[in-house]
Amino acid sequence: MMTKKDRLKASIKACFSLFRIKTASSFQYRMAGLAGATTSIFWVLIEMVVYTIFYTYANNKESGAIATLTLKQVISYAWLTQVLFLMQPMNIDSEILSKITNGDVGIEMCRPLDLYFHWFSKTAASRFTPLIWRGSIVLIFGMLMPSSYRLSAPASFLGFFCMLLSVLIALLLCTSYAMLTCAIRLNISWGDGPTYIMMLIGGVLSGTYLPLQLWPKFMQGFLLLQPFAGYLDIPLRLYIGTLLPKDIFFAIGIQLMWTIIFIIAGRILMSKRLKTIIVQGG
């Protein structure tokens, strides 16, 4: 008979296996990754033109945002945003959503593995693969651009290391929020609208569409402490130097706090929903 410790080890091993299998299968879609990278590069070029015009013609005395970030920092932020936003949950994993809508959740519940962490592993893998394949293309292109539009080097080597650590935690944060929206979707029979709205709010408040440090000054405290800053704004602040390596424990602490909150909320909600779930389809 397996002990509790043995079951935990088996579950962890199974989750890592699922993550590895899902990651390997996702690498098959190379042309889709190349097309996505082209879109990201084109988007950054548009953003750089807009930011350059803004920084060239805005009145420095009236715009506190310009004093917060330099143009070089904003350009680096834009390049890296097109890499890190790939981790963000823009929708529920297609395989999981299909199981929910087709009534296959009942089969999933029969597996000898906690359903939450089963789906957590698959969701994390689906967020991780484009970060490596599509993101690497964007990074290479950004480093080869002319100096005015090039991805700048990190503010410091230690800051770069802190940024990498923060990115790993950001992956867990993004996945935990995706699982929370997935748990909400479990018992909804009238469409995906609520989950898409939740994910869109996360994208806006993460700094994907506009660096959070360019938002109004009176909102800065809230923007840094709210959960979605941990998606990409906090790692990028460490890269460009507006958050120093000495602030790493504060920065990672915010990310870990919200990750734990989302995991607990997601597990509790999923457990309740599975007890009363209506299996759709057939």
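The values are calculated or read from the model by the stated rules, or taken from the named source; none is laboratory data. For clarity, every value in this text was computed on a predicted model and none was experimentally measured. Glycine gets a Cβ as well: all are built from the backbone with ideal geometry, and neighbour counts include every protein chain shown. These accessible areas exclude ligands, DNA and RNA; they are computed on the full protein's heavy atoms, side chains included. Shrake-Rupley method; radii C 1.70, N 1.55, O 1.52, S 1.80 Å.
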Quiz item: If we keep just the residues of the stretch 58-81 that are surrounded by 17 or more Cβ atoms within 10 Å (Cβ to Cβ) and modelled with pLDDT under 70, which is farthest from Asp233 (Cα to Cα)?
Solution: Ile66
Quiz item: Just wondering, is there one or more residues in the stretch 182-204 that are surrounded by 18 or more Cβ atoms within 10 Å (Cβ to Cβ) and modelled with pLDDT of 90 or more?
Solution: no
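Matching residues to (1) within 28 Å of Phe161 (Cα to Cα); (2) open to solvent by less than 20 Å² (accessible area, probe 1.4 Å); (3) part of a loop (DSSP other than H, G, I, E, B):
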position: Phe218; (1), (2), (3): no, no, no
position: Ala229; (1), (2), (3): yes, yes, no
position: Tyr239; (1), (2), (3): yes, yes, no
position: Thr242; (1), (2), (3): yes, no, yes
position: Asp247; (1), (2), (3): yes, no, no
position: Ile261; (1), (2), (3): yes, no, no
position: Ala265; (1), (2), (3): no, no, no
position: Ile268; (1), (2), (3): no, no, no
Quiz item: Out of (1) surrounded by 13 or more Cβ atoms within 10 Å (Cβ to Cβ); (2) at pLDDT 75 or above; (3) over 24 Å from the mean Cα position of the chain (by Cα), the odd one out for Val49 is which?
Solution: (1)
Exercise. Could you grab me the full set of residues in the stretch 244-260 that are without any contact (Cβ under 8 Å) to a residue 24 or more places away in the chain and over 18 Å from Leu172 (Cα atoms)?
Key: Lys246, Asp247
Practice problem: Mind listing whichever residues of the stretch 155-174 are buried (at least 18 other Cβ atoms within 10 Å of the Cβ), of a type outside the set (Gly, Ala, Ser) and under 20 Å from Ile75 (Cβ atoms)? | Solution: Met163, Val167
Self-check item: Residues satisfying the stated conditions in the stretch 125-147, i.e. open to solvent by less than 80 Å² (accessible area, probe 1.4 Å), touching a residue at least 60 places away in the same chain (Cβ under 8 Å) and more than 14 Å from the chain's Cα centre (by Cα)
Solution: Arg134, Ile137, Val138, Leu139, Gly142
